[in-house]
Amino acid sequence: MPVVAQIEGEIREQELDAEGETRRRLALAQIRQYPDPALRMPAKPVEEFDDELRRLVDRMRALMVDASGVGLAATQLGILRRVFVFDTGEDDEEVAALVNPELVRRSDEAGTDDEGCLSLQGVLVPVERAVTVRIEGRNERGEQVGYDLEGFAARAVQHELDHLDGVLILDRTTSEARRAAMGTLRPRVVIG
Ligand code: NI
């Protein structure tokens, strides 16, 4: 069994070699960073399942993997369409894509865990999420798909669905953690 890397919200904490680290930095450079206004805008439903959509999904899959992510929403690329990709946690399954996703079921049971976000580098805040969910939508070919998820994958799709509504982990955490996170983010804005 491979060592399971620690997963925090949208981010997989893993050791990378020099080439992997370069790919990660190049991918992150293409992902909108807080306080980019696109991260606060609600996305619109997808109506056309065309080659352009499939190219977008392919690009998102590659960026998510290169960035050490377990999820990535189109809004994080400044594209305001209801599309995200995520790691289902199944080894033999490719990175899944959900278009026009709807959370159709969520457990009453909730759990709190630290979450990071590819658009909020250096921030890790506690977020409460439903432990198990069922999410349905279409894949990039327009086929109806649904997933019953638990663990990190359930957390990841709730995080990605939030991105499509312009909601960030900063809105989901405690006021204390938010204040600490803002302290981490503020100097970055000045530098970068
Ligand atoms: Ni995120």
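Confirm whether Ala181 is open to solvent by less than 50 Å² (accessible area, probe 1.4 Å), out of contact with any Leu (no Cβ under 8 Å at 6 or more places or on another chain) and within 16 Å of the ligand (Cβ to nearest atom). For Ala181, the condition - open to solvent by less than 50 Å² (accessible area, probe 1.4 Å), out of contact with any Leu (no Cβ under 8 Å at 6 or more places or on another chain) and within 16 Å of the ligand (Cβ to nearest atom) - is not met. Identification of strands (runs of 3 or more DSSP E) wholly contained in the range 42-133 with 3 or more residues that are touching a helix residue (DSSP H, G or I) at 6+ places or on another chain (Cβ under 7 Å) yields 71-73, 83-86, 96-106, 125-130. Out of curiosity, is Glu52 more than 15 Å from the ligand (Cβ to nearest atom) and either touching a Ser or Thr at 6+ places or on another chain (Cβ under 7 Å) or in contact (Cβ under 8 Å) with a residue 24 or more places away in the chain (or both)? No; evaluated as a whole, the condition is false for this residue.
The lone criterion from (1) surrounded by fewer than 17 Cβ atoms within 10 Å (Cβ to Cβ); (2) closer than 19 Å to Gln76 by Cα left unmet by Ala153 is number (1).
Can you spot a residue in the range 94-113 that is out of contact with any strand residue (DSSP E or B) (no Cβ under 9 Å at 6 or more places or on another chain) and surrounded by fewer than 16 Cβ atoms within 10 Å (Cβ to Cβ)? Yes, that holds for at least one residue. Applying a threshold of 7 Å to beta carbon distances and a minimum spacing of six or more residues, or different chains, the list of pairs starting in the range 14-42 at a residue that is touching a residue at least 12 places away in the same chain (Cβ under 8 Å) and ending at one that is assigned to a helix (DSSP H, G or I) and exposed (fewer than 14 other Cβ atoms within 10 Å of the Cβ) reads Pro35/Val189. Scan the range 134-168 for residues that are β-branched (Val, Ile, Thr) and either touching a helix residue (DSSP H, G or I) at 6+ places or on another chain (Cβ under 7 Å) or away from the ligand (no atom under 16 Å from the Cβ) (or both) and the total you get is 2. The requirement of being at pLDDT 95 or above and basic (Lys, Arg) is satisfied by Arg81.
The values are calculated or read from the model by the stated rules, or taken from the named source; none is laboratory data. Everything quoted here is computed from the prediction, not taken from an experiment. Cβ sites come from the backbone with ideal geometry, for glycine too, and all protein chains shown count toward neighbours. Just the protein is used for accessible areas: all its heavy atoms, side chains included, with ligands, DNA and RNA removed. Shrake-Rupley method; radii C 1.70, N 1.55, O 1.52, S 1.80 Å.
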